Protein chains: 2
Amino acid sequence: MSGEFVSICEVGPRDGLQIAKTRMTTDDKVAWIASLAAAGLKEIEVGSFVPPRVIPQLADTAEVVARVLETIPGLTVQALAPNLRGVQNAYNAGVHKISIPVSVSEGHSKANLNRTPAQSIAMMQEIMDWLKAQPRKVPVVAGASTAFGCSIDGVVTTAQTVALCEGLATAGVDQIMLADTVGYAHPAQIKEVVLATREAIGPVLYGLHLHDTLGMGIANAVAGLEVGIRAFDSCLAGLGGCPYAPGASGNVVTEDLVFMLESMGFRTGIEIPKLLDARKVLQASLPAEPLHGQVPRAGLPPTFRKAA
Amino acid sequence: MSGEFVSICEVGPRDGLQIAKTRMTTDDKVAWIASLAAAGLKEIEVGSFVPPRVIPQLADTAEVVARVLETIPGLTVQALAPNLRGVQNAYNAGVHKISIPVSVSEGHSKANLNRTPAQSIAMMQEIMDWLKAQPRKVPVVAGASTAFGCSIDGVVTTAQTVALCEGLATAGVDQIMLADTVGYAHPAQIKEVVLATREAIGPVLYGLHLHDTLGMGIANAVAGLEVGIRAFDSCLAGLGGCPYAPGASGNVVTEDLVFMLESMGFRTGIEIPKLLDARKVLQASLPAEPLHGQVPRAGLPPTFRKAA
């Protein structure tokens with residue numbers, strides 16, 4: 001694995017802040033995103049184009065996008081959009097990449113998105129048609145939520161996940177992230193679902209979005225690596241969860257994920273000491289928010305052995 | 001992996017309590033060990049035969065051994081002993097199995113055991129000779145500390161670990177646990193060291209003793225499973241650490257490890273709800289001690305999918 005690059009998309013400013021108890025100011029968001037970019041993160045999901053009444057914490061997303069586009073050269077600015085209207089707003093704001101959540105399970109789909117998975121596929125077709133008609137190419141990454149289990153519906157089968165991904169690929173999305181929204185996946189399941197999905201849709205399967213609810217987040221990332229996954233979402237300090245997924249807890253911790261990857265000999269382009277600086281920026285802005293992560297707690301070992 | 005048995009040795013009453021801030025009474029220890037056994041744990045390390053002045057928390061080990069031998073039928077009662085004197089005391093107390101710590105790294109060996117690794121091998125030979133001369137067969141499991149890295153010496157090479165294990169095997173120990181005492185191992189390293197050690201000493205390599213210092217404990221357990229390891233030490237609530245290994249934090253959490261194993265389709269014979277009961281017994285006795293674990297925090301999912 002020596003030297004292979006693994007791409008990390010930091011989703012803290014969106015997934016992390018959407019359920020934070022306190023609201024981060026626009027200035028603080030821009031400063032935090034700048035500190036994340038300074039640590040080497042090349043892709044950051046900076047917000048969500050949803051109605052402000054739904055997620056007031058992210059009501060300033062258009063302004064955040066405008067400011068980071070202007071001030072952070074080289075950053076791939078990603079934003080979430082839940083529907084065509086949101087995609088149009090994201091496109092008009094100038095984002096480089098749009099993430100669109102869909103759910104494999106009926107229960108989470110209805111609770112989180114107010115539509116069925118079949119309706120999501122139809123909507124995605126409409127979105128991709130609209131985007132194709134625009135002058136600027138903006139790639140879409142679909143997030144297949146509850147791809148490994150659902151706290152509302154319980155078990156999600158591999159066949160369900162593959163079927164949704166086939167629908168998304170047919171609709172023309174550029175990339176798909178398999179999301180363990182509630183953190184129920186185990187390593188053997190990760191491998192099974194990744195292999196079955198790749199067999200069905202090929203390289204449109206892009207990466208994994210993992211949560212650490214039951215302590216298996218990092219182990220699931222390793223399982224993904226072992227079946228060829230080279231892209232992950234993660235969240236500084238393990239913020240995050242899902243307001244419509246009872247029991248879900250934080251995303252896999254960026255600091256711990258990067259440490260593990262670098263230890264194993266992968267390249268991420270990310271400097272862990274600077275991630276710890278970005279953590280200080282976050283903590284200063286949201287002093288009441290609990291921050292997670294083993295590497296920040298233990299500190300970087302004086303030396304650590306990289307894989308050959 | 002369906003149905004394969006994985007053996008877990010609960011080391012909380014020894015590794016967990018040795019650095020606990022408050023001292024657990026003998027009655028409470030016996031009650032806690034009984035609750036662990038009731039959850040299905042078949043092997044428990046109940047204490048340490050070290051001089052009381054060194055680890056006062058474990059000064060009552062002989063009494064604990066006597067009481068659990070009398071009251072918990074079917075339990076394999078294990079105790080740690082750091083030297084021949086301790087082994088003799090453990091043998092005379094009637095334990096079923098003795099664990100003996102040695103260190104791969106010079107720095108940890110001198111700080112923790114006040115001898116070099118070479119002196120440990122010589123000592124082990126003396127211990128095995130003494131045990132062979134006794135009427136009762138008591139197996140020895142050697143714990144190869146700092147087998148993956150050391151917070152004092154830094155990098156530990158695979159060759160160093162293999163060399164120590166060869167010495168231990170030649171001395172006649174029954175089993176060896178490779179211990180990531182400070183929690184520096186990563187999954188690729190686990191596989192490399194396990195495979196190299198097994199090549200050198202065969203089935204005397206028994207299992208892994210993992211810590212979660214840098215968040216890779218569960219991922220390292222999965223790596224071990226993938227190269228055939230079927231025995232782990234762990235600690236209820238992730239207590240533990242090492243007083244002579246600066247920066248070390250708790251053991252891998254029994255609740256999370258068992259959940260992961262059962263999710264993946266392994267059998268452990270352990271009932272997670274009863275582990276949560278044992279956690280309550282622990283918490284009642286040591287209310288000031290911080291307890292870790294994602295599964296206890298999140299709760300068991302209403303349904304969880306087992307591997308095929």
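Values for this structure:
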| read-out | value |
| --- | --- |
| Base-10 log of normalised Debye intensity for the stretch B:203-284 (one unit scatterer per alpha-carbon) at q = 0.21 Å⁻¹ | -1.03 |
| Counting DSSP beta bridges with both ends in the protein assembly as shown, the antiparallel % (nearest 5) | 5 |
| Residues whose placed amide H lies under 5 Å from that of residue B:7, excluding near-sequence neighbours | B:231, B:232 |
| Rotation relating B and A, chain A residue nearest the axis via C-beta, angstrom | A:219, 2 |
| Karplus (6.51, -1.76, 1.60) ³J(HN,Hα), θ = phi - 60°, over the stretch B:33-46, in Hz, Gly and Pro reported as x | 4, 5, 5, 5, 5, 5, 7, x, 6, 9, 10, 9, 8, 9 |
| Net +/- balance of residues flanking residue A:211 in space, Cβ distance below 12 Å, scoring K and R +1, D and E -1 | -4 |
| Cut-off under 5 Å, modelled amide H: who pairs with residue A:209 long-range | A:178, A:179, A:180, A:233 |
| Computed over the stretch B:7-298: relative contact order in percent, which uses C-alpha pairs under 8 Å that are six or more apart | 20 |
| Gaussian network model of chain B, springs between alpha carbon atoms under 10 Å - residue of B:143, B:12, B:215 with greatest fluctuation | B:215 |
| Volume per residue of the C-alpha convex hull in the stretch B:127-209, rounded to whole Å³ | 88 |
| Nm distances between copies for residue B:56, ranked from closest, using label points 7 Å along Cα→Cβ | 5.4 |
| At 7 Å out from Cα toward Cβ: residue B:130 inter-copy label distances (nm, ascending) | 7.9 |
| The stretch A:1-26-the stretch B:35-93 distance, computed between alpha-carbon centres (Å) | 46 |
| Residue-wise HN-Hα coupling along the stretch A:107-115, computed from phi with Karplus coefficients 6.51, -1.76, 1.60 (Hz; x: Gly, Pro) | x, 5, 4, 5, 5, 8, 10, 6, 7 |
| Selected from A:151, A:234, A:103 as most flexible by GNM, with chain A as the system and alpha-carbon contacts under 10 Å | A:151 |
| 7 Å along Cα→Cβ, label-point gaps from residue B:227 to other copies, nm, shortest first | 2.2 |
| For the protein assembly as shown: Kirkwood Rh in Å [reciprocal of mean 1/r, alpha carbons] | 25.2 |
| Vicinal HN-Hα couplings computed from phi for the stretch B:256-263 (Karplus, 6.51 cos²θ - 1.76 cosθ + 1.60; Hz; Gly/Pro x) | 6, 5, 5, 4, 4, 4, 5, 4 |
| Fraction of beta bridges assigned by DSSP in the stretch B:25-159 that are antiparallel (%, nearest 5) | 5 |
| Beta bridge orientation in chain A: antiparallel %, DSSP, nearest 5 | 5 |
| Lysine pairs within the stretch B:7-298, Cα separation less than 23 Å, 8 or more sequence positions apart or different chains | 12 |
| Chain B - Kirkwood radius from inverse mean 1/r over Cα pairs (Å) | 19.1 |
| Neighbour net charge for residue A:190 - beta-carbon separation under 11 angstrom, K R +1, D E -1 | -2 |
| Candidates B:13, B:56, B:139: whichever shows maximal mean-square fluctuation once chain B is modelled as a Gaussian network with Cα springs under 10 Å | B:56 |
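A short reminder: the numbers here are calculations on the coordinates, not readings from a lab. This structure is a prediction, so every number in the text was calculated from the model and none was measured. So basically every Cβ, Gly included, is an ideal-geometry build from the backbone, and we count neighbours across all protein chains shown.
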